[in-house]
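Down below is the structure, laid out as structure tokens.
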């Protein structure tokens with residue numbers, strides 16, 4: 001592996017990115033996904049965390065352009081030069097440009113078109129401080145090569161970790177995080193669900209229990225109530241017909257009947273009909289009126305028919321297209337009397353399911369009387 | 001008339017142009033006029049650099065393997081640090 005001179009790198013491991021425009025070759029949601037997955041390649045092995053901005057100046061500005069496209073470093077038409085990126089730094093530092101004269105695809109083996117995820121993962125390596133490697137098996141090898149599966153080689157991992165260190169969430173014991181404080185203005189939620197008239201909100205290793213007769217939400221360790229559950233819940237929803245709550249964590253799901261675990265769980269989430277590429281569900285909600293359960297993953301969502309036990313056809317669909325105004329990623333979702341409540345970071349959106357629009361925007365923890 | 005260089009066939013000329021453009025863009029070969037002999041030495045040196053980077057046989061010549069790599073789709077960031 002090689003670095004740029006003086007080991008150029010970002011001083012802060014929270015790096016922002018913004019997609020300025022889109023190639024017509026792919027659906028917008030496919031470009032979003034390819035970019036998100038390309039960043040995940042690097043965050044999986046380092047402390048780096050990537051935050052998407054929709055306006056203003058981000059560390060890494062991403063755009064598609066042909067020939068001379070504004071940086072006096074022109075592209076060359078189809079084939080040949082596919083994309084380039086600048087080393088970490090202010091201004092154009094970190095910016096990543098893709099040659100719009102190429103044909104971009106999300107396939108892995110198509111002739112004369114190039115997989116956007118693979119090229120983006122390589123260019124983001126530059127944007128993070130990696131120069132080209134002479135190891136033909138590494139992602140940072142300058143020549144484009146079709147490859148499937150996890151794109152980083154040992155050489156890439158050694159290179160990026162010598163700049164930023166390892167991913168603290170993997171392998172090493174991390175000091176236990178403090179219990180989240182409910183009125184922290186930046187508080188975001190992991191998951192939210194109903195449970196026989198109560199509302200359960202999951203955050204880190206804890207959950208809050210809200211009951212109409214309880215003036216104050218009650219905070220408890222997940223494992224003190226459900227020892228079999230993992231410490232981290234990604235999504236949850238109640239199926240009132242069957243009187244069960246489904247809990248998702250990673251690629252596994254559990255069913256709770258009240259405070260008891262249902263036999264035969266955990267199961268894999270792919271049993272619901274999700275593709276194997278889905279490794280985590282961000283949010284889930286049951287729409288009582290239609291009997292459908294919506295499952296949100298990155299920038300897309302699926303619809304599961306509880307009665308048939310199958311996934312509805314025509315999915316995944318784009319969150320941003322179908323729920324305009326709430327952005328394209330969610331952390332948790334709840335449904336009450338015709339309104340969906342989308343939670344993302346420290347914001348919640350009250351969304352009218354019938355009139356398809358955002359009615360109110362509030363702080364996420366206003367539900368905790370803050 | 002015999003002192004002039006032998007005219008190069010078109011194909012050869014295309015290969016030379018491709019190589020010049022490649023080495024200028026990715027191996028920091030300076031552009032502009034430098035006299036024939038100096039330019040040729042510099043070109044051979046840059047070809048050797050590129051062959052070493054791609055673990056090709058280092059000949060300093062534009063052989064088929066080298067040209068094949070130069071024609072591959074690739075990233076626009078230079079291979080040598082600027």
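What follows is calculated from the coordinates using simple rules that are stated; it is not laboratory data. All values reported here derive from a predicted model rather than from experimental measurement. Note that each Cβ is placed from the backbone with ideal geometry, even for glycine, and that neighbours are counted across all protein chains shown.
Peptide A:79-86 is shielded by partner chain Cβ atoms: per residue, an average of 5 of them sit within 10 Å of its Cβ. Taking every residue in A:130-138 and counting other chain Cβ atoms within 10 Å of its Cβ, the average works out to 3. Going 7 Å from the Cα of residue B:9 along its beta-carbon direction, which residues of segment B:41-64 have the amide nitrogen within less than 15 Å of the resulting point? Counting backbone N atoms under 15 Å from the label point, the list is B:64.
Taken over the Cα atoms of the protein assembly as shown, the convex hull encloses 172 Å³ per residue. Both radii come from the Cα set of segment A:203-288: Rg as radius of gyration, Rh as Kirkwood radius; their ratio Rg/Rh reads 0.97.
Remark: the Cα gyration tensor places segment A:15-62 in the oblate category, a/c being 1.5 or greater and a/b not exceeding b/c. Taken along its principal axes, the alpha carbon cloud of segment A:236-370 reaches lengths of 40, 35, 26 Å, longest axis first. The calculated FRET efficiency for the pair residue A:219 and residue B:16, based on their C-beta separation and a Förster distance of 56 Å, comes to about 0.15.
In terms of packing, defined here as the mean over residues of other Cβ atoms within 10 angstrom, the peptides A:67-73, A:199-205, A:37-43, B:20-26 line up highest first as A:199-205, A:37-43, B:20-26, A:67-73.
The mean number of Cβ atoms from other chains found within 10 Å of a Cβ in peptide B:63-76 is 5, as a whole number.
Translational diffusion coefficient of segment A:1-82 (Stokes-Einstein, Kirkwood radius from Cα pairs, 37 °C, 0.692 mPa s): 221 µm²/s.
Its relative contact order, with pairs defined as Cα atoms under 8 Å and 6+ residues apart, puts chain A at 11 percent. For the peptides A:308-318, A:280-290, residues were scored by their other Cβ atoms within 10 Å and the scores averaged per peptide; the highest-first order is A:280-290, A:308-318.
Counting neighbouring Cβ atoms within 10 Å and putting the fewest first, the residues A:368, A:116 line up as A:368, A:116.
Classify segment A:1-158 as rounded, prolate or oblate from the Cα gyration tensor: take a ≥ b ≥ c as the square roots of its eigenvalues, call it rounded if a/c is under 1.5, otherwise prolate when a/b beats b/c and oblate if not. Here segment A:1-158 falls in the rounded category.
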